Structures are given as structure tokens and as C-alpha cells.
Amino acid sequence: VSIGLPVPIKNELVVKINNPSGQPLSGEQLTLKQIEGIDITETIKDWELKRGETEKRLIFPLKSMPKEKYKFSVSATTCSDLFPLRTMKLIDDFSSLNNEILHSAWAIYSDGDTKVGSEQKIEAVDGMVKITYKFDEGWKFVRLEPKGERGKIEGKPNALGVRIDSNDSYNSVHLRYADSKGQTFQVYGGRLKGKTSNYFEFALNGSNAIHWGGPNDGKITYPLRVDSIIIDGTRKACGPYSILVSSPVLIYE
């Protein structure tokens, strides 16, 4: 049993339990510990996984969405370190965005081969950003890009995490970020598999990244900013697909 990054959405902390073996569990408790900077119920009691159930979402109510850095660890009855202590901060609170604010704060762009057609749009839905896209055959991808100060990265985080409700397209997810000298880095996160919630985590230290621009030496110069979250096609025609993107989270420990 494991969990990915617990994601704050609409005054709730959503915790996805992964149980790939399908073995049953009952009478479990999920407990948050070492809590700082977030006002939350500490324990969910008596949840279970039925035989063959490979995932489950548990909800911790929040009195308000965290505005600054926050931290906690997560333990379960049978696992004391299900989610280790981490310090985190939302890049942006998607729960606060209606469609009017969303379009002034974030943009969706098509990229790749200009001869390959695509359709794309974004909407604010249920505390997340909904991306709907369609690609013709060929090299095409879309970039979800923050505008202005919303892409600013505070301090020197280790990684950025994001949850995406998938469409089983097998399209790939990347993060593109830039440093203060104009050097751009792009990190591969994985593929959209299954019609479920996928968690992607991207290192922000230049490792496992392609890079270009600026000095083009692969060395990070702080501060950083988020350029875009990328959904890249498989070069086959696909869609229309819709995915839900949670608020991206900076991870400092």
C-alpha cells in the first residue's frame, strides 16, 4: 500500500491509496502527524479496501486552503511512514479560479509541428483545471502556462508534484521550467495511464532534464519559474480527450 502526494482541492485534502496487490484491508486508520501551516482533521478512521480494490480516495476536510508553506506526514495503522514529512507550497490554488480568473492567470498553447492540427481549451472545474485537447497525426503537444507572477518558484524546492485525472491516452507529461539566466529545463514525468488519478513528480535541480537557452550548461541559477506543464502526444491522431489537473505543489523536503 502506498500514496502519492496528498493534494488540497476545494478545502479538502485528497489522499489516494494505491493497493496494486488487490489484497483486502479493514479497520484501518489514516493519521496526519507533525502538522504545520494547514488546518485539518487529523484522522480518518475505519476505512477499508475490499478484495480486488486497487485504489481508494480518502478525504480530510480543510477549514481553508493553505496560503503559505505547510507540512505534515501521513501514517496508517499498518504503515508508520506511508508519506514522509515534507514541506510543501501550492504554486497556485486552482480552487480559487473561476473561468474568468483562470483565463487571465493561465493559458493553453499548442506546440510542435505547425503543420499538425490541434484543438485545445481550458476550464475551471471542481477546484481543478480541465484541459480538453485533440491532436492530428504528427508531432503535437500542448502547454499549460502560468501568466506573470503565478509561475514564480519560491526558494530552492527539490521537486514539483501534480496530480492529473487521466484519460488512458498514454500521452506523456513533462514539466518545463526556467532559471534566472534564461536557461530552460524540461523533465519527463511519465504517461497518462488508465482512467484514474496519476501522480507526477519532477525534479527541480536540473537532473534528468534536457536544457537549452542562456548559458546552456545544465547548471541551475536561482530563482526559478514554471514555464509550463506539457501534454505530449504519441504522434498518432488522438482525442478529443479531457483531463483534470490539480494545483501544482512545490516540495521542499
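The values are calculated or read from the model by the stated rules, or taken from the named source; none is laboratory data. Since we're looking at a predicted model, the values are computed, not measured. Every residue, glycine as well, gets a Cβ built from its backbone with ideal geometry; the counts of neighbours run over all protein chains shown. Accessible surface is based on the protein model in full, side chains and every heavy atom, while ligands, DNA and RNA are left aside. Shrake-Rupley method; radii C 1.70, N 1.55, O 1.52, S 1.80 Å.
Some points to look at:
- Relative contact order [Cα under 8 Å, 6+ residues apart], segment 86-218, whole percent: 19 percent
- Sum of -39500 (n - 2.57) over DSSP H runs of 4+, divided by residues of the chain (222 nm, nearest 500): -500 deg cm²/dmol
- Cα gyration tensor category, rounded, prolate or oblate, for segment 164-253 with a/c compared to 1.5: prolate
- Calculated P(r) tail over 23 Å for segment 1-80, as whole % of Cα pairs: 20 percent
- Judged by the gyration tensor of its Cα atoms, with axes a ≥ b ≥ c, segment 84-220 is rounded; a/c sits under the 1.5 cut.
- Residue-count net charge about I153 - beta-carbon cut-off 10 Å; Lys, Arg +1, Asp, Glu -1: +2
- Accessible solvent surface per residue of segment 151-253, calculated while the other protein chains remain in place, 1.4 angstrom probe, Å²: 41 Å²
- Surface composition of the chain: carbon plus sulfur atoms contribute 44% of the solvent-accessible area (1.4 Å probe, protein chains only, all chains present).
- Proximal lysines to K16, defined as alpha-carbon separation beneath 23 angstrom and excluding residues fewer than eight positions away on the same chain: K33, K45, K50, K56, K63, K67, K69, K71, K89, K130, K193, K195
- Annotation: the chain has a Kirkwood hydrodynamic radius of 19.1 angstrom, from the mean reciprocal C-alpha pair distance.
- Computed over protein heavy atoms with a 1.4 Å probe, the accessible surface of segment 1-102 works out to 51 Å² per residue.
- Contact order normalised by residue count of segment 1-101, Cα under 8 Å, 6+ apart, percent: 29 percent
- Largest mean-square fluctuation among V129, V14, V142, in a Gaussian network model of the chain whose springs join Cα atoms under 10 Å apart, belongs to V14.
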